[in-house]
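Notes follow the structure.
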Amino acid sequence: MRIAVLLRDRCQPKKCNLECMKYCPPVRTGVEAIVLDEKSGRPVISEPLCVGCGICVHKCPFEAIKIIGLPAEVEERIVHRFGENAFRLYGLPIPKRGQVTGILGPNGIGKTTAINILSGNIAPNLGRYQSPPSWDDVLEHYSGTEIHDYFDLLVNEGLRTAMKPQYVDKLPEVHSGRVRELLEQVEGSGNIEKVSERLSISNILERDISEISGGELQRVAIAATLLKDADVYFFDEPSSYLDIYQRLRVARLIQELAAERFLIVIEHDLAILDYLSDLAYLIYGSEGAYGVISHPRVVRVAINVYLDGYLREENIRFRETKIKFEPKPPRDEWQREPLIRFESVQKRLDGFSLSVEGGGIHMAEVVGAVGPNATGKTTFMRILAGEIEPDSGDIDSSAKISYKPQYIKPTFDGSVRELFLEQLGTGFQSGFFRSEIEHPMSLKFLMDREIKTLSGGELQRVAISLCLGREADIYLLDEPSAYLDSTQRMSSAKVIRRVVEKTARSAVVVDHDVYMLDLISDSLLVFQGDPAVKGNANGPMMMRDGMNRFLKDMAITFRRDSDTGRPRINKRDSKLDREQKSSGEYYYSSS
C-alpha cells in the first residue's frame, strides 16, 4: 500500500517551478498522476496513479511531499483521514475502566487526534473524508470489538468527557479574571478547596489568571479537569512546567481518579509515565503524514520498546538508534579550570530571598540545576545571564553568556531563517551549525516558517538552537524540555552534550525531566527551600551527591531497570524504597 502526503505548511507553489509535476514520469507521459487544485493552487497527487518512484519527493525544493509504503494490513485499521494527501490515523487506544492508559510517541503523529476522537470532539470518518460515515456506520464497522463498546457508551449512553489541554500557557488568552472564578465555571463536584489544597494552588485562588506562572497555570488546568463530573478524563502532557514533586502529586491524583473511570494520559516524561500508567500504547509514523497506534503493552515493556526503537511483533524499526542510560554517575571528580566563579550570592526579589553558596562552572562541563519550583533556579540563571544584579556576592567571570529563558514569547516578525540571520549572522550557515544543531534538532523544515506560527515544541527547538548557535563560553538553558516529545528531549540532550564537548564550552541546564538530566549532566546545582519565600543553592556537586541531596529532600527514590538501565521511580514505602533510603542511595546503585 502506498500513501502520498502533501505537507501544506511547507508547500509554496508560488515560490517553485512545480518540480513535482515537471519531473513526474507518469505526468510526462500524459497520465494525470499530479494535478493542480484550482482553489489552493497546490498539487494533488493521485495515489492510485502514483508509481512510487520518489522523484517528486527529492525534486520538491521545500520537501513538502512524502510518498510512503505501508503494509496492506495497516490500511484496514484506518480510523480517520483529514483529506486528499492529508494526515491519516490508523488504530486507536482503547480506554479501560479503572486503569490509567498512557500514549507514548513523537509529536505530530496523531496522539491529540486520537484523544479528540475518543472524547467525541472529532467523529472518525474511517478514511472516507469525502462522504463521512454516520456514528451508526462507525458503530457497525467496529461491531464485535472493544472500541465498539466504548463508542456505544460515548454516542448512545451520553458518556461525559473532560480534557486537560496541552498548551496551558494559552489559558489567559481564553479566560480572564481570578483563578477561583475559572474553577467555579467548570466545578461539578463542589471540591474546589480540597482539590486546590492537594495541588498547592490555594494561595493563588484570588489572583488574576494572567499573573500566574507556567507551573501554576498547569496545576490550575489540572484542577479544572479534576473538578469536572465526567466519566472519561484525558490529560494531555500534565507534567510540563511542574517539578518532580508536583508531578508525582499530580500522578497520584490521576491514579485515584481512575479507580472507577476511563482515563488516558499523553506524557513525554518517561519516568512519570512509568509511575502513573498501567498500560501504554506506542504510536509510530511520520510527522504530518500518518500515525499507527500499536498494540497495548504493560507500561514498563512499552517504554523499554520505545527506548529500543524496534517493535518486534510488527517488525517495525521507528528509530535508528537505541537510547541508553549509564547506571553509574558519569564522573567522580573535576580537574579543569572554572570559567566562572561565584561566592555567597544573595538576592531579594518580590518578597523572595535567594542564597547561593560559593561554587564554579568548569570548562566543558554541563551543570544540571534541580529543585522544587519557586526556589530560585530561574532567578539565579537571570543573575548569571546579567539580566538582574545580585544584592551581594561576587560573580567572577569574563565569560560570554548565551541564555534561553524559561518562557519563550514569539515576538519576532519574520521567519526562523530571518531570526537566525539577525541573531547569528552567517554562523547558522556554517558546517558545524548544520551538522551538530540544525540537523539533529530538525530545523530544516522550520526555516521558512513564520516565528508566530510555530507550535510550542517547534518554538522550543528554535530557542535551544539559537542559544547554542551564539558565540558564547557558557550556555544557560532554562527548562529546554518543555513541549518537546520524548525523542526530541533525548535529541536535545545529545545536541547540548556534543556542542559542549566539541567546543570546550560549558552549560547550565535547569529542568525537571530526570531522564534528560541523567543523559546530559556532569554535576548538579541543588536548590532547596520554601517555595516563593526563600531558596538556597548548593553546588555544583558530583552527580551522586547532588541526586542524593535533591531526592532525599523530595523523599523519592529511583531504581534502575534491569534491561535498559533507565531510572524508575520506586513506589512510596515499598521494600526497595525503604532499603535505598536507609542506605542513603536515592538514585545510583552502590555497586
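Annotations
- In the range 284-303, the residues that are open to solvent by 20 Å² or more (accessible area, probe 1.4 Å) and farther than 22 Å from R566 by Cβ: G285, S286, E287, G288, Y290
- Filter pass, R382 being without any contact (Cβ under 8 Å) to a residue 60 or more places away in the chain and either β-branched (V, I, T) or not in a helix (DSSP H, G or I) (or both): no
- Exactly one residue among L273, L248, L253 is within 11 Å of G102 (Cβ to Cβ) and either of a type in the set (A, V, I, L, M, F, W, C) or not in a strand (DSSP E or B) (or both), and that residue is L273.
- Verdict on L6 being in contact (Cβ under 8 Å) with a residue 12 or more places away in the chain and either within 26 Å of the chain's Cα centre (by Cα) or farther than 17 Å from I109 by Cβ (or both): yes
- Number of positions in the range 213-240 that are at pLDDT 85 or above, in a loop (DSSP other than H, G, I, E, B) and open to solvent by 10 Å² or more (accessible area, probe 1.4 Å): 3
- Index of the failed condition, Q346 passing every other in (1) more than 22 Å from N536 (Cα to Cα); (2) open to solvent by 10 Å² or more (accessible area, probe 1.4 Å): (1)
- Among the residues of the range 502-527, the one identified as of a type in the set (D, E), buried (at least 23 other Cβ atoms within 10 Å of the Cβ) and either in contact with a His (Cβ under 9 Å, 6 or more places away or on another chain) or more than 21 Å from I556 (Cα to Cα) (or both) is D513.
- Some residue of the range 402-420 being at pLDDT 90 or above, open to solvent by 30 Å² or more (accessible area, probe 1.4 Å), on the phi < 0 side of the Ramachandran plot and among the charged types (D, E, K, R): yes
- Boolean, S196 is among the polar types (S, T, N, Q) and either touching an Asp or Glu at 6+ places or on another chain (Cβ under 8 Å) or part of a helix (DSSP H, G or I) (or both): yes
- S353 meets the conditions (1) surrounded by 14 or more Cβ atoms within 10 Å (Cβ to Cβ); (2) at pLDDT below 90; (3) over 29 Å from R559 (Cα atoms) in every case but one. The failed one is (2).
- Every residue from the range 25-45 that is within 28 Å of G108 (Cα to Cα) and open to solvent by less than 30 Å² (accessible area, probe 1.4 Å): A33, I34, G41, P43, I45
- Meets criteria (open to solvent by 10 Å² or more (accessible area, probe 1.4 Å) and at positive phi) for S210: no
- In the range 562-585, residue nearest to Y245 (Cα to Cα) [restricted to those that are open to solvent by less than 20 Å² (accessible area, probe 1.4 Å) and part of a loop (DSSP other than H, G, I, E, B)]: N570
Residues checked against (1) buried (at least 23 other Cβ atoms within 10 Å of the Cβ); (2) under 20 Å from D9 (Cβ atoms); (3) in contact with a Gly (Cβ under 6 Å, 6 or more places away or on another chain):
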position: M447; (1), (2), (3): no, yes, no
position: E450; (1), (2), (3): no, yes, no
position: T453; (1), (2), (3): no, yes, no
position: G457; (1), (2), (3): no, yes, no
position: D473; (1), (2), (3): no, no, no
position: S486; (1), (2), (3): yes, no, no
position: K494; (1), (2), (3): no, no, no
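- The requirement of being modelled with pLDDT under 90, open to solvent by 40 Å² or more (accessible area, probe 1.4 Å) and charged (D, E, K, R) is satisfied by D530.
- Within the range 48-67, the set of residues being among the aromatic types (F, W, Y) and either at positive phi or at pLDDT 90 or above (or both) is empty.
- Each residue in the range 541-555 was checked for being touching a Phe, Trp or Tyr at 6+ places or on another chain (Cβ under 7 Å) and either open to solvent by less than 30 Å² (accessible area, probe 1.4 Å) or among the aromatic types (F, W, Y) (or both), and 4 of them qualify.
- Residues in the range 53-77 that are part of a helix (DSSP H, G or I) and among the aliphatic types (A, V, I, L, M): I55, V57, A72, V74.
Matching residues to (1) outside any loop (DSSP other than H, G, I, E, B); (2) more than 21 Å from D485 (Cα to Cα):
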| position | (1), (2) |
| --- | --- |
| P410 | no, no |
| D413 | no, yes |
| L421 | yes, yes |
| G425 | yes, yes |
| R434 | yes, yes |
| I437 | yes, no |
| S442 | no, no |
| D448 | no, yes |
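The values are calculated or read from the model by the stated rules, or taken from the named source; none is laboratory data. Predicted, not measured: the structure shown is a model, and the values here were computed from it. Reconstructed Cβ throughout: ideal geometry from the backbone, glycine too, with neighbour counts over all protein chains shown. Quick note on the areas: whole protein, heavy atoms, side chains included, nothing else; ligands and nucleic acids left out. Shrake-Rupley method; radii C 1.70, N 1.55, O 1.52, S 1.80 Å.
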